[in-house]
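Here's the structure, in structure tokens; my notes come after.
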Amino acid sequence: GGAPSSCAAITAVASLVRSPDVVDAAASAATALADGIDALTQMPGVRELTGRGCFRSVVLCDAEGHPIDAARVAATVETIRRAGSWVYPGPSAIQVIPPVVSTVEDVERLVGNIASGLAAAGFDASGSCPTSGEPRDHVAV
């Protein structure tokens with residue numbers, strides 16, 4: 001609730017998040033993430049990228065170009081987590097949301113782990129899927 005120690009912690013975090021250093025670092029991380037996951041579109045099974053900044057999704061499809069189902073999304077998320085990075089399930093996609101305090105090096109490691117995890121999940125040789133033709137930076141709905 002409203003205990004003094006809780007309020008002090010919230011105030012300290014809020015002031016830290018508003019600091020120029022954190023904002024600049026988050027912008028650098030977002031740029032590194034955009035550059036890094038853009039390279040994933042060359043992998044078979046990656047249909048498109050959606051989102052902006054540090055809130056991105058990698059939309060996946062099977063060899064026939066159909067969206068993957070929830071079970072395959074969950075298995076892919078688990079494989080990427082075993083590769084060393086935390087991602088989240090989305091509709092036919094993995095959602096990539098690095099912590100606001102991520103450095104460029106953290107994001108580069110994240111993207112590498114995603115690529116390794118996708119390959120281990122069978123997206124390295126499953127055939128490519130057609131792209132939807134939508135812009136790569138549109139906001140997912």
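The values are calculated or read from the model by the stated rules, or taken from the named source; none is laboratory data. Quick caveat, the model's predicted, so the values are computed rather than measured. Positions of Cβ are backbone-derived with ideal geometry, glycine not excepted, and every protein chain shown enters the neighbour counts.
The table that follows gives values for the structure above.
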quantity: Residues of the range 118-141 satisfying the condition of being under 17 Å from residue 69 (Cα atoms) and modelled with pLDDT of 85 or more; calculated: 118, 121, 122
quantity: Top-ranked residue of the range 97-117 - restricted to ones that are in contact with a Ser or Thr (Cβ under 7 Å, 6 or more places away or on another chain) and aliphatic (A, V, I, L, M), ranked as farthest from residue 46 (Cα to Cα); calculated: 104
quantity: Tabulated pairs, the range 11-26, first within 22 Å of residue 56 (Cα to Cα), second surrounded by 12 or more Cβ atoms within 10 Å (Cβ to Cβ), C-beta under 6 angstrom, 6+ apart or interchain; calculated: 26/100
quantity: Within the range 38-81, tally of residues that are under 14 Å from residue 111 (Cα atoms), free of Cβ contacts under 8 Å to residues at least 24 places away in the same chain and loosely packed, with under 14 Cβ neighbours inside 10 Å; calculated: 1
quantity: Complete set of residues in the range 4-53 that are small (Gly, Ala, Ser), at pLDDT below 85 and either closer than 16 Å to residue 93 by Cβ or not in a helix (DSSP H, G or I) (or both); calculated: 19
quantity: Which listed residue, of 72, 82, 109, is charged (D, E, K, R) and within 18 Å of residue 29 (Cα to Cα); calculated: 109
quantity: Check on residue 93, of a type in the set (A, V, I, L, M, F, W, C) and surrounded by fewer than 18 Cβ atoms within 10 Å (Cβ to Cβ); calculated: no
